[in-house]
Amino acid sequence: MIEYFIGVDGGGSGTRVRLANRAGRELAEGASGPSGLLHGIDRAWAAVEDAAAQAFRAAGLAIPEKQQVAIGLGLAGVHNKQWAAQFVAANPGYAKVALETDAGTTLLGAHLGEPGAIIALGTGSVGEVMLADGSRYEVGGWGFPSGDEAGGAWIGLRAVNHIQQVIDGRATGSPFASAVIEACGGTRDAIQVWLAGATQTQYAQLARLVLHHADTDAGADPTARAILLEAGRQVALIAHALDAGASLPVALCGGLAAPLRPYLPQALLARVVAPQGDSAAGALRLIQQHWKE
C-alpha cells in the first residue's frame, strides 16, 4: 500500500524533492545534486534517491520500503524519449512512477493546473503553456549548447566566448573578463583544459559573474549587461511563441527568474504573475493525480 508521495524537480544544477503522506499533507523537503537526464540515468536516480532520503530524515521518518512510495518527477531531458524510457525502466522499485518534463511539472505547480504559461529559467530554459481546452505545448527546451536561450549555461557560454576574444586581443579586457578568466583557470592553457571537460552545470555557474558585473552597483560592465539584455529578449520571444495573443498569465520560474527581471522588456513584465507553486509541487500534484486514476 502506498504510504508516501514524493514530488521531484530535477535539473542540470540540482534536485529538490517534496515529501507528502498518503493524505496529501506535505511533510518535508530534500535536495541533492543534478538529476537532469543529460548527466546519465544512473546518476539521475542516485540524486533522486539521495534527495528523497534527506526528505525522510528531515521529517523524522525512517526510510520506508520503496513499494510504499509513489514518485512523480519533472526532469530536464525527458523530451528525449529514449532517455525517458531508460529512466522509467531503471525504476529501483517505487510502487508507481509518473515522469514529466521539468517544464510540465513547473506548469502544473505555477498555475495549480489552470490555464497559463510558464518560462523556467535555471541551468537551461524552457517554456510551456496550457490552453483553456487543456491542450499543452512547449517552446524551447532544446538543450545546451544548441538551445536553452537565457538559461544559466547559455549565459555562461557567452561569457566564455567573450574571454576568448579578450585573451586573443579581439576584445578589450575588463574586471568582468578578468573574473571569468580566473574562474575558468586563469591562463589560456588552463582555460583550454577547463573547456575540454566543462559541463552544462559549470557553464551555468559563470552566470553569477555575469549578473554581478552587469549590476549598476558593480559598475555595469557593458558586455555583461548586453548578454543579459539579450537573455531578456530571448525570454520575450519564448513568451510570444507560447501565447501570441498575450491573453494568458506568464509565470517566470527557476533560479534565474528573479535575477533576470531587470533585463526583461516592459511589455512582458506587465503579464508576469508570481507562480503559485514550484516544479516540485507540480510533480507532487502529478503523482497524486496518477494515483487517483
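The values are calculated or read from the model by the stated rules, or taken from the named source; none is laboratory data. Computed from a predicted structure; not experimentally measured. Virtual Cβ from ideal backbone geometry, glycine too; neighbours counted across all protein chains shown. What goes into the accessible areas is simple: the full protein's heavy atoms, side chains included, and nothing from ligands, DNA or RNA. Shrake-Rupley method; radii C 1.70, N 1.55, O 1.52, S 1.80 Å.
Of all residues in segment 174-211, those satisfying the criterion of being assigned to a helix (DSSP H, G or I), more than 21 Å from residue 35 (Cβ to Cβ), of a type in the set (Gly, Ala, Ser) and open to solvent by 30 Å² or more (accessible area, probe 1.4 Å) are 178, 183, 190, 196. Contact map, segment 8-19: residues that are not assigned by the TED database to the domain that holds residue 57 paired with residues that are at pLDDT 95 or above, Cβ distance under 8 Å, separation 6+ or inter-chain. No pairs are found. Counting only residues that are among the small types (Gly, Ala, Ser) and either under 18 Å from residue 14 (Cβ atoms) or outside the structural domain of residue 192 (by the TED database) (or both), segment 142-165 holds 5 of them. Taking the condition of being under 16 Å from residue 97 (Cα atoms), outside any loop (DSSP other than H, G, I, E, B) and among the basic types (Lys, Arg), how many residues in segment 1-54 meet it? Qualifying residue count for the region: 1.
The set of residues from segment 110-126 being among the hydrophobic types (A, V, I, L, M, F, W, C) and surrounded by fewer than 23 Cβ atoms within 10 Å (Cβ to Cβ) comprises just one member, 112. From the list 129, 97, the one residue that fits, being of a type in the set (Val, Ile, Thr), open to solvent by 10 Å² or more (accessible area, probe 1.4 Å) and part of a strand (DSSP E or B), is 97.
Among the residues of segment 230-253, not a single one is within 20 Å of residue 175 (Cβ to Cβ) and either open to solvent by 50 Å² or more (accessible area, probe 1.4 Å) or in contact with a strand residue (DSSP E or B) (Cβ under 8 Å, 6 or more places away or on another chain) (or both).
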